[in-house]
Every structure is written in structure tokens, then in C-alpha cells.
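Heads up, the thing below is written out as C-alpha cells.
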Amino acid sequence: MGTDLTLTAEDGHTLGAYRADPSGAPKGGIIVIQEIFGVNNHIRETCDRFASEGYVAIAPALYDRTDTKNCSLGYTPEDIAIGRDLKDEFSWDLCMLDLKAAKAVMEGEGLKVGTVGYCWGGTISYLAGTRIGVAASVVYYGGQIMPYINEKESCPLLMHFGEHDKGIPLADVAAIDKAHPDAVVHIYDADHGFNCDHRGSYNEAAGDLARGRTMELFAAQLS
């Protein structure tokens, strides 16, 4: 369903991306933001699924600013270690330029654009909602929001967290909820990564519930 393309950011940096298009007229555009594992099969499948529901979906390759281009990792312990090392080379500020490049493509086609991000990408989606003027932002278990907790979102913000996520204390979730009274925050009987059916922590019930809520937000804000 999808194709690979090249985006150009405001600073001249070029990066890869995966794009999936619906069969009919699109309802809106969604920037799909990777975990620490790059634009891998799971992220591509996620784009395809959004496209099947009527949205243009673009996943920018955020690691292309490192020496590792076209990164696509699995979920083994070795892959996790590689992903963590790549993440440490990352710049939150430069990443916003890459998201804006994807946003510009879809806005140029007359679409309203939202973001959805998973794990590391969840924090990036949160920052997109505070920094680059998108129509909606969805956060799945974004574990690095706390340093940026006082940034104010400029769009509807929806957040999904797992009650049993050892990497994101529920006290942090409560603090995020309190700092963003206009946001909608849900906690699921699930672990970290519950949306990803490539992971052992996948929780179908939680994933389906969170996805339904996500699609309701996009239908309301992007169509």
C-alpha cells in the first residue's frame, strides 16, 4: 500500500519517509512517529492501517540525521540496545524540523494534519502538539515528557499510558494530567508497548480501546 519518499527539512536536511495513501479521497493527514526502532515493519503497518481508514499517513525516518540511514530494527534485546544508542544521538529541536517537513507535504495537499507517536515517538508527538501547530496530537506511553511538562499544547491532546509500565511511573502520569487539564489522559490495564503486536507486551484489548479513541479524535479534528 505504501511508498518510500524523501522529505526536505527547513535546514536543508533530507530524510527518508514511508507514506501510505487511502484508496479514496483522504479525510486528513497523520504523521506517524516511530519508536526507538526506526521506521520498521510495525510502523509501516501502522501507516497502512491509518490509510485503510481514510488518512494519508507519513512516517519520517528520524534517525536519518545520524549515520544510520533507513533504520529498521526489531524488538530483540540487541535491537533495543541499538535503538537506545541511536536515540542518544537525537535532537528534539531538529526533529521538529523533520516533522514540519512531513506536515508541509500533507498541508500542501489541503489536508489537516495530526500526529501520533509511540514510546519515544510519544514524547515527540507531545512536543509536536506544543511546538509546530498541528490539529491534534496523540501520545502512546511517552516516557520523556516530564522535562517538558510545562509546555502548553495548541491542539487537542490525547494520551495513552499503561498501568504496569515500569518505565513511566503513575506519579508522572498524574503530574502530566494535572499540568494539562484540557488533555484527555487514559490509563490501561497494560504494560509498555501495549499497542504493538510485534512485542510480547502487546495487549489486544487495550490496543483496540486506545485505537478507537484515537480514531475518534482524528475524525473530529482532521476531517
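Read the figures in this text as sums done on the coordinates, not as results from a lab. All values reported here derive from a predicted model rather than from experimental measurement. For neighbour counting, all protein chains shown are included, and Cβ atoms are generated from backbone atoms with ideal geometry for every residue, glycine included.
Details
- For trypsin sites (Lys or Arg not before Pro), the sites in region 144-223 that DSSP calls loop and that have at most 14 other Cβ atoms within 10 Å are LYS152, LYS166.
- Mean Cβ count within 10 Å, highest first, over the residues of peptides 94-103, 119-128, 33-42: 119-128, 33-42, 94-103
- Residue-wise HN-Hα couplings along region 29-42, as the Karplus relation 6.51 cos²θ - 1.76 cosθ + 1.60 with θ = phi - 60° gives them from phi, are x, 10, 8, 9, 10, 4, 6, 6, 9, x, 7, 8, 4, 4 Hz; Gly and Pro carry x.
- Helical contribution to [θ] at 222 nm, DSSP H n ≥ 4, -39,500 (n - 2.57), averaged over the chain, rounded to 500: -11500 deg cm²/dmol
- Only lysine pairs 8 or more places apart, or on different chains, with alpha-carbon atoms under 26 angstrom apart are counted in the chain, and they number 17.
- Region 2-222, dipole about Cα centre (Lys/Arg Cβ +1, Asp/Glu Cβ -1), debye to the nearest 20: 420
- Of the GluC sites (Glu not before Pro) in region 125-195, the ones in a loop by DSSP (not H, G, I, E or B) with at most 15 other beta carbons within 10 Å are GLU151, GLU163.
- For the chain, the fraction of alpha-carbon pairs in successive 10 Å shells from zero, as %: 9, 38, 40, 14, 0
- The alpha-carbon atoms of region 69-133, seen along their principal axes, cover 42, 21, 18 angstrom, with the largest extent given first.
- Förster radius 25 Å - calculated FRET efficiency between THR66 and GLU107, Cβ distance, rounded to 0.05: 0.40
- Region 86-132 and region 4-54 have Cα centres lying 11 Å from one another.
- Here the simple spin-label model places points 7 Å from the Cα toward Cβ, and for HIS13 and SER223 these points are separated by 3.6 nm.
- Here the Gaussian network model covers the chain, with springs between Cα atoms less than 10 Å apart; of ASP48, ASP172, ASP64, ASP172 fluctuates the most.
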